[in-house]
Amino acid sequence: MIRAWSEPIRPTPTIPIPIGAVILSDPSRAVTVHQHVGDMSADRALRLAHRGDWRFAPENSLAAMGAALALPACDGLEFDVQLASDGVPVLLHDDTLERVQGIRRSVGSFTAAELAVHGIPTLAAVLATAGRAAFLDVELKGAATPDIVAVLEAARGRADGTIPGTVVSSFRTATLGWLRERRPLWPLWLNVEVLTDREISRARRLGCAGISAGWRSINARMASLVRDDGLQLAAWTVRRRSTVARLERLGVMAICVEAAALDG
């Protein structure tokens, strides 16, 4: 899911997007988005903006998230969470700031306040910006921690232990296992490069609600195996609308999208 920061950047939208007040462009879809998590029969897959809309602003920034949620076809966000040196959850995909911010230092060598100077937001700030209507795929790049859990629960948790409109995903078995023990009602997705029988079995053993795979590895046979195991199937990362349509026909319930695929 690595993309070089060399994409053409389009001009900033003329209509300002106020931080903290961003909602889906069509708020009436909010209930449908939330219900879709458990509905693998829905005809239309959720479109989740990959690290926001990086055509308007650097990936994983508040501005990128706001720009994505302003698009009519966008149902929610996918973003990456790591820890600053003070334990505060922040958004960054890479281990270092070099690719996007041009700084050859690791995220863990900065405090959250120092990272904010470079445009890297906290998880709490992004959750406040997204509101409760947007569906969120929160990918943990490292270990899960009580601080991450606390921030997610404060923004989206319910008293019954559920976290509506949200999944937590990771490539790491240990991360998902830690969360499953401590928050058994949270939906978890296992992220995989290639969808295989072995990975489907791993997701089932971990008690995951679903599996999110590189889109090229998803075919009719694999989609059927996922469905037969009662798992949700998500895909990443798609740029073409034709690919989105093919994945929807296979029963994929959520697609991490960018570029033209994010526009509808």
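Below is a table of values for the structure above.
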{"item": "Formal net charge of residues neighbouring ARG221 (Cβ-Cβ distance under 15 Å; K, R +1; D, E -1)", "result": "+1"}
{"item": "Positive minus negative residues near LEU77 (Lys, Arg vs Asp, Glu; Cβ under 14 Å)", "result": "-4"}
{"item": "Long-range Cα-Cα pairs in the stretch 181-253 (distance over 16 Å), rounded percent", "result": "43 percent"}
{"item": "The stretch 122-127 - phi-based ³J(HN,Hα) in whole Hz, Karplus 6.51/-1.76/1.60, Gly and Pro as x", "result": "7, 4, 4, 5, 5, 5"}
{"item": "Phi-based couplings in Hz for the stretch 206-221 (Karplus 6.51, -1.76, 1.60; Gly and Pro marked x)", "result": "6, x, 6, 7, x, 9, 10, 10, x, 4, 5, 8, 9, 10, 4, 5"}
{"item": "Relative pair counts by distance (%), Cα atoms of the stretch 44-262, 5 Å bins", "result": "1, 7, 16, 19, 20, 17, 12, 5, 1, 0"}
{"item": "Ranked GLU98, GLU139, GLU248, criterion: other C-beta atoms within 10 Å, fewest first", "result": "GLU98, GLU248, GLU139"}
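Quick note: the coordinates plus some simple rules give every number you see, no bench work behind them. Worth saying up front: this structure is predicted, and the values here are computed from it rather than measured. Cβ atoms come from the backbone with ideal geometry, glycine included; neighbour counts cover every protein chain shown.
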